[in-house]
Structure formats: structure tokens, C-alpha cells
Amino acid sequence: MSDVQASVIINFMKKNVGIIVVIGLLVSLTSFFALIFTEKRFKATTDFLIVQDQMGTQDFYSLSKSAEYLGGVLSEAIYSGIFIEEIKKTGKIEEGFFPNSDREKLKKWNKVVKIERSPQLGIIKVEIFDNDYENAVNLSEAVAEILTTKNYLFRGKVNLDVRILSGSILERNPGNKEVAIAVLGGFILGAILKMIHLYFLLLKEISFNKSEDEYLEQLMQEGRDN
């Protein structure tokens with residue numbers, strides 16, 4: 001691209017900066033409302049520490065890798081049907097919260113719970129999302145009860161201790177960070193898409209004008225030849 005071409009494109013974009021900003025704002029607003037209406041209103045977060053007791057001559061590295069593996073096992077177990085049944089047994093949730101179909105139970109639970117792991121530290125963060133704050137807290141407490149008192153259901157015969165580091169912490173959802181990312185990301189996306197659209201319009205206009213000039217020149221040349 002020559003300097004002349006770049007200059008033409010830049011000037012064209014400057015002339016249309018208003019519409020670029022407007023489209024960016026529209027996409028940003030759409031992203032904001034999409035986030036607000038699609039996300040659950042509350043989030044309850046609990047952090048768990050996985051500790052494996054030392055046995056025999058096991059060194060620190062072996063214990064660390066074992067705790068990392070067991071953390072992965074427990075994280076996956078939380079998404080399982082067995083875990084859902086244990087949640088129901090705690091009596092902390094209303095009857096009918098989960099659908100009757102096993103498939104629908106898992107589908108709903110996967111939308112409710114989110115797991116984040118710090119494998120090297122042996123820490124699991126469990127986030128529960130719901131539109132009702134009592135449900136969010138009760139589900140979070142149920143998960144905590146199962147992980148701390150019934151983790152033996154999901155592991156082998158090892159001396160494992162699951163402890164609550166913090167929580168359950170109830171927050172509004174989405175948080176300020178998620179909202180800021182959605183709004184800013186939407187604005188940037190909308191602005192870029194509009195700039196691309198304007199760029200192709202400019203190319204089309206330049207191509208049309210060039211073809212028109214060539215056609216007129218051809219007609220004039222034919223007239224001179226006759």
C-alpha cells in the first residue's frame with residue numbers, strides 16, 4: 001500500500017469517525033444487555049484447599065503431585081450425576097430444583113457450577129450461579145459439605161483432607177470486571193467491523209470511478225479514431 005493510498009483511507013475514516021463511534025456504542029450497548037439478561041444474578045464462591053497427609057517415606061514432591069491429581073479428580077466429580085444426588089441428600093435445595101431426567105440434571109448443573117483450579121497450590125475454587133440468592137448460598141453450602149465430609153466417595157484409599165479456605169462469598173453477577181470487558185470489547189468490535197465495512201465501500205467506490213474514467217476515455221478514443 002502506497003503512502004497516497006494510506007492517506008486516502010485515513011482521511012476517509014476520519015470523515016466517517018462519527019458513524020464508527022455510533023456503531024461501536026450500539027454494539028457495546030447490545031453486549032451489555034446480552035450479558036445482563038443471559039447471566040445469573042448471583043454468584044457464591046468458595047475456595048477449598050486439598051491436603052494429603054504424609055504417609056511413610058513419601059516426599060513433598062510426590063505428595064504435591066498426588067494432591068494435584070486428586071484435585072483434578074474432585075473437580076471433575078463435582079460435575080457428575082453422583083455429586084448431584086449427594087446435593088439432593090443434603091436437603092439444602094428445594095424439591096424440584098433439578099429436572100427428573102438425568103441428562104437434564106447434568107445440563108442444568110453444568111450451567112450452575114463453575115470450577116477453577118490452582119493445581120500446584122492444591123486449591124479449588126467453586127462458583128455457584130443462580131437468580132435466587134438463597135439458592136446460590138444453599139447450593140454452595142451443599143457443595144462444601146460434600147467436599148469436606150464425603151470426598152471419600154470420589155477418591156481412592158488415601159488420607160485426604162479438604163478444607164474451606166474462604167466462603168461462601170455471595171456477590172452480584174456479573175461483576176464490574178465482566179461488565180467492563182463486555183462494554184469495551186463490544187465497542188472495539190463494533191468500531192472495527194464498521195471500519196472494515198467502510199474500507200470495502202471505499203474500494204468499491206474507487207474501482208467504480210476508475211472503471212467509469214476508463215470507459216469515458218475509451219469512448220473519446222473511439223471518437224478520435226472515427
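Have a look at LEU147, LEU198 and point out the one that is of a type in the set (A, V, I, L, M) and over 23 Å from LEU121 (Cα atoms).
Details: LEU147 fails: over 23 Å from LEU121 (Cα atoms).
Criteria check complete, one pass: LEU198.
Restricted to region 90-117, and to residues that are in contact with a strand residue (DSSP E or B) (Cβ under 8 Å, 6 or more places away or on another chain) and not charged (D, E, K, R), which residue is surrounded by the most Cβ atoms within 10 Å (Cβ to Cβ)?
Step one: of region 90-117, the residues in contact with a strand residue (DSSP E or B) (Cβ under 8 Å, 6 or more places away or on another chain) are 111-117.
If we keep only those that are not charged (D, E, K, R) as well, we get 112-113, 115.
Working: VAL112: 16, VAL113: 19, ILE115: 16.
The extreme case among them is VAL113.
Given the options GLY186, GLY175, name the one that is touching a residue at least 40 places away in the same chain (Cβ under 8 Å), of a type in the set (Gly, Ala, Ser) and surrounded by 13 or more Cβ atoms within 10 Å (Cβ to Cβ).
Working: GLY175 fails: surrounded by 13 or more Cβ atoms within 10 Å (Cβ to Cβ).
Going through GLY186, GLY175 in turn, just one is touching a residue at least 40 places away in the same chain (Cβ under 8 Å), of a type in the set (Gly, Ala, Ser) and surrounded by 13 or more Cβ atoms within 10 Å (Cβ to Cβ): GLY186.
Being among the hydrophobic types (A, V, I, L, M, F, W, C) and surrounded by fewer than 19 Cβ atoms within 10 Å (Cβ to Cβ) is the filter; apply it to region 118-136 and report the residue that is modelled with the highest pLDDT. Spell out how you get there, then give the answer.
Residues of region 118-136 among the hydrophobic types (A, V, I, L, M, F, W, C): 121, 123-124, 126, 128-129, 136.
From what's left, surrounded by fewer than 19 Cβ atoms within 10 Å (Cβ to Cβ): 121, 123.
Numbers: LEU121: 76, ILE123: 88.
The residue in question is ILE123.
Give me the helices (runs of 4 or more DSSP H) completely within region 64-156, filtered to those with at least 3 residues that are under 24 Å from SER166 (Cβ atoms) and over 22 Å from the mean Cα position of the chain (by Cα), ordered by residue number. Even if it seems obvious, please write down each step before you answer.
On the way: elements: 81-90, 102-112, 133-149.
In region 64-156, the matching helices (runs of 4 or more DSSP H) lie at 81-90, 133-149.
Hey, among GLU86, GLU127, which residue is acidic (Asp, Glu) and over 23 Å from THR38 (Cβ atoms)? Spell out how you get there, then give the answer.
Numbers: GLU127 fails: over 23 Å from THR38 (Cβ atoms).
From the options GLU86, GLU127, the qualifying one is GLU86.
Only residues that are at pLDDT 80 or above and in contact with a helix residue (DSSP H, G or I) (Cβ under 9 Å, 6 or more places away or on another chain): list them for region 36-59, please.
Answer for region 36-59, where residues must be at pLDDT 80 or above and in contact with a helix residue (DSSP H, G or I) (Cβ under 9 Å, 6 or more places away or on another chain): LYS40, ARG41, PHE42, LYS43, ALA44, THR45, THR46, PHE48, LEU49, ILE50, VAL51.
The values are calculated or read from the model by the stated rules, or taken from the named source; none is laboratory data. These numbers were taken from a predicted model, which means no experiment stands behind them. Positions of Cβ are generated from backbone atoms using ideal geometry, with glycine treated the same way; all protein chains shown enter the neighbour counts.
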